[in-house]
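For reference, the structure is listed below as structure tokens.
The values are calculated or read from the model by the stated rules, or taken from the named source; none is laboratory data. Just so we're clear, the structure is a prediction, and the values are computed from it rather than from any experiment. FYI the Cβ positions are ideal-geometry reconstructions off the backbone, even for glycines, and counts take in every protein chain you see. Note: areas computed on protein heavy atoms with side chains; ligands, DNA, RNA excluded. Shrake-Rupley method; radii C 1.70, N 1.55, O 1.52, S 1.80 Å.
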Amino acid sequence: MTTKIARPSFDAPASEWLVYGDALQEANDVRGELIGLSHAVDEGRTPAGLRDAYVQRYATQLLGQAADQLAHYTLRWKFSELSSVEIRIGPDDDGPALVRALLEAPTAELLTDITLVGVPDGTRRVDLSPAMDLLGGAKQVTTLGLVDDRARSSRMLVSRDFDPGENLVSFGSIKPFVDRLVGLTFDVADSYALTDLENFSAPELRSFALRNLHFCDYDDAQTMTSRLATATWPNLESFELRLTETWVANVPDEVDVYLPVYSAADYEGRDDVDDGENEGVNWTDQLPAVLNTLKGTPLKRLALTSFNSTEQVFEALEASGLLATIKILDLSDAELQDRHVEWLAEHTANLEQLVIERTSIEDATRLPNAVHSQRAGGGPTYRYVVGQE
């Protein structure tokens, strides 16, 4: 299963890959047909399901020992090679073995983008540290995602106390990666657990995202903003931060909640389930320290999402000066109403794109650069809710 034609790089034109694919087919290499299928999928001429079925049929040739654990992987292909992979790890899974099998797959030589997904079982926790320790030695990995699957699929973290419970997924240390990372993404329940972000220095980082279900309390955003304010990322082009605020509710609405706090019996006969009340947080004082780390970077995209204290975020944005330099601003999932359109029209007119998905804005016609959708109900999509009853 060899060919005299060298494998192209991912940056090479599709025509070179198709020629390479023909040579592989002549050599009876199953990757040859995979190149044609992947190219057709990327162009929209073939359903992705046909390629996925082909991969399953020839999983052993394409993935080696990883074929035996195919259910743990979400695979994304570019021509005949893996371009990115999610590895799902549950409480009883051997995380390092799943990582090792994937890294040794015949089609993983060009793979640089890996996401580790911890999948809790009920209240059973997942520790990704052993998998991270192994992955840290894989020098080709330059884009890293760390995901708590429960947090990624939830919109609300509920607690009886002002301090949330321990996260169901422990990520381990990112320190072995930071010097080479170009992309880093977190999907986490309580962001306070991310202590590695203190004095975080990532000289090659281009993209950073922190999506959480708990970022700050009423009058204290300082824990996380102080950590992020120490970051050094001189080449950053995209920055995303979910500004989840704390709410208080007598009986929290536990729809899409991270962990149920109140049993079904607690709700029996009750009709006062609510989303809570919010006293806001002082973003005007806390957010500038974070935004200051972005000055002087080649930042193109800024995403600040799911906040409720809208005017304070606006003040921090206006004072930062970043609106004059970025190309894309994403304020999705936040408490944006029609009364905020005037400020947006005045301050974002020079942007290439304003993203205001899932907000309360009904009429965005004054914002010609907007990507807009309306969400039923008011307030931000994501919340940390403290139940008082």
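A few points about this structure:
- J(HN,Hα) series, the stretch 96-111, from Karplus relation 6.51 cos²θ - 1.76 cosθ + 1.60, nearest Hz, glycine and proline x: x, 5, 5, 5, 4, 4, 5, 5, 8, 5, x, 9, 9, 5, 9, 6
- Potential extension, Glu362-Asp285 segment - 0.36 nm per residue separation minus Cα distance: 24.7 nm
- Once the Cβ-Cβ distance of Glu342 and Glu16 is raised to the sixth power relative to R0 = 45 Å, the FRET efficiency obtained is 0.30.
- Cut-off 13 Å between beta-carbons: net charge of the residues surrounding Ala345, Lys and Arg +1, Asp and Glu -1: -2
- Surface share of carbon and sulfur [accessible, 1.4 angstrom probe, percent] for the stretch 222-356: 43 percent
- 13 Å beta-carbon shell around Ala23, net charge (K/R +1, D/E -1): -2
- Too-long pairs where the Cα-Cα distance tops 28 Å, listed order kept, from Lys78/Lys295; Lys175/Lys295; Lys78/Lys139; Lys175/Lys300: Lys78/Lys295
- The distance linking the stretch 24-97 with the stretch 111-133 is 21 Å (Cα centroid to Cα centroid, whole angstrom).
- Ligands, DNA and RNA are left out, and with a 1.4 angstrom probe the accessible area of the chain is 44 Å² per residue.
- Prolate/oblate/rounded call for the stretch 1-69, Cα gyration tensor, a/c under 1.5 rounded: oblate
- Taking 0.36 nm per residue of separation and subtracting the Cα-Cα distance, full extension of the segment from Ala48 to Arg160 would add 35.9 nm.
- DSSP-defined beta bridges in the chain - what % are antiparallel, rounded to 5: 10 percent
- For the chain, a Gaussian network of Cα nodes joined below 10 Å ranks Ala334, Ala364, Ala209 by mean-square fluctuation, and the top entry is Ala364.
- Selected from Asp29, Asp275, Asp127 as most flexible by GNM, with the chain as the system and alpha-carbon contacts under 10 Å: Asp29
- Cα gyration tensor category, rounded, prolate or oblate, for the stretch 269-389 with a/c compared to 1.5: oblate
- Between Arg160, Arg211, Arg150, the residue with the greatest mean-square fluctuation in the GNM of the chain (Cα pairs under 10 Å linked by springs) is Arg160.
- Here the gap between Val248 and Lys139, fully extended at 0.36 nm per residue and compared with their Cα-Cα distance, gives a gain of 34.7 nm.
- Long-range tail of P(r) for the stretch 1-119 (Cα pairs > 23 Å, %): 29 percent
- Judged by the gyration tensor of its Cα atoms, with axes a ≥ b ≥ c, the stretch 50-161 is prolate; a/c meets the 1.5 cut and a/b is the larger of a/b and b/c.
- Neighbour net charge for Pro106 - beta-carbon separation under 13 angstrom, K R +1, D E -1: -2
- Here the accessible area is traced with a 1.4 Å probe on the protein chains. For the stretch 49-202, carbon and sulfur cover 45 percent of it.
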